[in-house]
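The values are calculated or read from the model by the stated rules, or taken from the named source; none is laboratory data. This is a predicted model, so every value here is computed, not measured. Neighbour counts are summed over all protein chains in view; Cβ atoms, including those assigned to glycine, are modelled from backbone coordinates with ideal geometry. Each accessible area value is taken on the protein alone, full model and side chains, heavy atoms only, with ligands, DNA and RNA left out. Shrake-Rupley method; radii C 1.70, N 1.55, O 1.52, S 1.80 Å.
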Amino acid sequence: MAQQLRDRGSEVEFAVTGMTCGSCAARVQRTLGRQEGVETASVNLATERATVVIDPDRADVGGLVEAVGRIGYGLAPLDLTDDGTAADDEAVEQRMWLRRILVAWPLGLVVLGLSLFAMDRPWARWSAFVLTVPVQFWAGWPFLHQAMIRARARTANMDTLISMGTLAAFAFSTVQVGFGDRHSEHYFDTAALIIAFLLLGRYF
């Protein structure tokens with residue numbers, strides 16, 4: 001790879017993307033540790049970094065990237081020539097989470113209000129459905145996207161649980177709006193507020 005590596009002797013540092021919990025970090029660390037030429041591998045979930053000690057004559061950086069990619073995570077060597085790159089990437093990611101928070105929270109709170117006080121009225125049920133759609137499928141897209149990546153890699157993580165739970169609540173409520181009566185149960189507020197709280201957690 002043409003990109004310069006942060007390399008002190010045989011130690012290489014990578015940025016890891018797609019991790020959401022301790023099991024993700026452990027899976028990436030195990031995968032790296034099993035690759036030929038890797039002496040030790042350490043993955044830090046909080047900093048989203050992996051430090052790998054390799055035998056330069058046996059290990060291939062491109063092979064490490066491919067191995068981690070096969071289990072559904074991203075791995076990229078850090079570039080020592082640009083000290084601001086990591087900070088810039090983190091700032092971009094935080095702005096992305098903030099944009100989604102600014103959509104999810106107002107809509108989620110309106111849906112909660114409708115659910116508490118007006119769901120026996122058709123206009124309120126349809127309004128809750130319409131307002132939940134952007135929360136579920138736009139604000140919550142990072143969770144859905146990561147869940148699909150995990151599914152293709154035949155693994156699962158917290159994004160899988162989040163996606164299954166919120167989609168189940170959304171789908172059930174949608175069926176109730178279309179075919180249920182005025183006293184049917186609806187869980188649009190559950191789907192929307194779970195996503196809103198989790199977005200806030202990812203932002204912080």
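A few notes on this one:
- Tabulated pairs, the range 38-57, first of a type outside the set (D, E, K, R), second assigned to a strand (DSSP E or B) and open to solvent by 70 Å² or more (accessible area, probe 1.4 Å), C-beta under 7 angstrom, 6+ apart or interchain: Val53/Glu39; Val53/Thr40; Ile54/Glu39
- Residue match in the range 141-160 (condition: closer than 29 Å to Gly69 by Cα, open to solvent by 60 Å² or more (accessible area, probe 1.4 Å), modelled with pLDDT of 95 or more and not polar (S, T, N, Q)): yes
- Tallying residues that are of a type in the set (A, V, I, L, M, F, W, C) and either assigned to a loop (DSSP other than H, G, I, E, B) or in contact (Cβ under 8 Å) with a residue 40 or more places away in the chain (or both) within the range 119-140 yields 7.
- Any hit, the range 173-181, residues being charged (D, E, K, R) and under 14 Å from the mean Cα position of the chain (by Cα): no
- So Gly178, is it assigned to a helix (DSSP H, G or I), surrounded by fewer than 17 Cβ atoms within 10 Å (Cβ to Cβ) and either modelled with pLDDT of 95 or more or in contact with a Cys (Cβ under 8 Å, 6 or more places away or on another chain) (or both): no
- Filter result for Trp138 (hydrophobic (A, V, I, L, M, F, W, C), in contact with a helix residue (DSSP H, G or I) (Cβ under 8 Å, 6 or more places away or on another chain), open to solvent by 40 Å² or more (accessible area, probe 1.4 Å) and more than 30 Å from Thr17 (Cβ to Cβ)): no
- Subset of the range 172-199 [of a type in the set (Gly, Ala, Ser) and under 17 Å from Leu112 (Cα atoms)]: Ser173, Ser184, Ala191, Ala192, Ala196
- Evaluation of Ser173 against the conditions (1) over 21 Å from Arg100 (Cα atoms); (2) at pLDDT below 95; (3) open to solvent by less than 60 Å² (accessible area, probe 1.4 Å) shows that the sole unmet condition is (2).
- Remark: pairs (first residue in the range 145-163, within 13 Å of Cys24 (Cβ to Cβ); second residue part of a loop (DSSP other than H, G, I, E, B) and open to solvent by 50 Å² or more (accessible area, probe 1.4 Å); Cβ separation under 9 Å; 6+ apart in sequence or on different chains) = Ala147/Ala156; Arg150/Ala156.
- Any hit, the range 182-202, residues being among the β-branched types (Val, Ile, Thr) and surrounded by fewer than 19 Cβ atoms within 10 Å (Cβ to Cβ): no
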